[in-house]
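Structure record follows, encoded as C-alpha cells.
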Amino acid sequence: MNNSYEQIFPLRTCDFDRYSRLLPSAILDVFQEVAGAHANDLGIGFEEMLKRNLMWVITKVKFEILKNPETHTNVRVVTWPLKPSRVTLQREYEVYSEDGELLIKGSSEWVFMHSVLRKFMPAADVYPPIQFIDKKSFEGKFAKIPKCDFNENFVFIKPQFCDIDLNGHVNNTKYANFVLNQLCPNENREICAMQIDYHREVKFGEELRLFLKDETSTVFAKGENENETLFSCKIDFKN
C-alpha cells in the first residue's frame, strides 16, 4: 500500500473566478477528491467506512497559494497522511504545475464520526500498516483560527440542495463560497491563503448568520446559529 498518492486534474473554466484566479472551492474540491481516492486505495474509503457505521468528517483545512495556476492546464496533486493521533488524522497536499513547479500547499484535519449516533469515534487505529511520511506542509501545530470581535451586522445563509453531500450535511468546499459571495461583487484582492475550521455540521435548510470582519489584508468570518458557532474562516490577501 502506498503511503502517498498523486493524481492529475485538468483545470476547467468553472474552477476560476472572473480574474482568472483559481477559486478556493476548486482547491478544496481537488483536496477532497485526491484524499478520497487515497482513502479508497488504502481500504478506508467512504463505502468501506459506511459498512462500519463510520464516516470521514473534516474539522480543519488550510492552504497557501504560492502561484496561481494557468487556466486550461493540468495540475499534479500529491497527498499523504501523517501518523494519526488518538482522535485526529492529518493529511497534507501539494499542487504542482505541468512543469513541476509547486503552486499550492495545504493541510487538513479529520475525525471519524459514527453515522448514526453522530459522535466522534477513536481514530488512532484506522490506517492500515504503512510507513507514514513525516513531511508537513506547514510548520508547527494545526492551530485554530483565533477569535475576534465582530460587529452586529450579519447576513442570513440557508444551505440549499446543491450544498449537501453524501454524508447529508453541507460539503466542506461550500463554506468558502458562503464567505466569498458576501464580499464585494467586484472583489479584486488576490487570495494567498485560507483556513476554515468546521465546528459542527450544517444540514440542509439550516439557517445560519454569517458575520464578516474585513481588515483589508485579512478577512475573518464566522457562521453561527442562535446557540453556537458552526464554522470559522480566515482569508489572507496579497499586499
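Pairwise Cα distances in the chain exceed 26 Å for 38 percent of all pairs.
Ligands, DNA and RNA left out, the 1.4 Å accessible surface of the chain is 49% carbon and sulfur atoms.
Once both labels are positioned 7 Å from their Cα atoms along Cα-to-Cβ, the gap between Asp165 and Lys213 label points is 2.8 nm. Largest GNM mean-square fluctuation across Gly223, Gly205, Gly140, computed for the chain with C-alpha springs under 10 Å, falls on Gly140.
Taking θ as phi - 60° and the Karplus parameters 6.51, -1.76 and 1.60, the scalar couplings of segment 143-160 work out to 6, 6, 5, x, 6, 9, 8, 9, 6, 7, 7, 7, 10, 8, 10, 10, x, 10 Hz in sequence order, x denoting glycine and proline. Could you list the residues of segment 192-227 with an amide nitrogen less than 18 Å from a label point located 7 Å from the Cα of Phe120 in the Cα-to-C-beta direction? Residues 196-202 qualify, since their backbone N sits under 18 Å from the label point. Here the peptides 195-204, 167-176 are ranked by packing, the mean other Cβ count within 10 Å, and the order with the highest first is 167-176, 195-204.
Kirkwood analysis of segment 116-239, using all unique Cα-Cα pairs, places the hydrodynamic radius at 16.6 Å.
Entry comment: accessible area of segment 1-100 is 48 Å² per residue, from protein heavy atoms only and a probe of 1.4 Å. Helical runs (DSSP H, four residues minimum) scored at -39500 (n - 2.57) apiece and divided by the length of the chain put the mean residue ellipticity at 222 nm at -4000 deg cm²/dmol. A simple spin-label model places the labels of Glu101 and Phe204 4.4 nm from each other, with each point 7 Å out along Cα-to-Cβ. Its Cα centre serving as origin, the chain has a Cβ charge dipole (Lys and Arg +1, Asp and Glu -1) of approximately 560 debye.
Using 1/(1 + (r/R0)^6) with R0 = 22 angstrom and r between the beta carbons of Cys148 and Asp17, what's the FRET efficiency to the nearest 0.05? Result of the calculation: an efficiency of 0.30. In plain terms, the chain from Arg52 to Thr73 could stretch by 3.7 nm, reckoned as 0.36 nm per residue minus the Cα-Cα distance.
The values are calculated or read from the model by the stated rules, or taken from the named source; none is laboratory data. Quick caveat, the model's predicted, so the values are computed rather than measured. Neighbour counts run over all protein chains shown; Cβ positions are idealised from the backbone, glycine included. Only protein heavy atoms, including side chains, enter the accessible area calculation; ligands, DNA and RNA are left aside. Shrake-Rupley method; radii C 1.70, N 1.55, O 1.52, S 1.80 Å.
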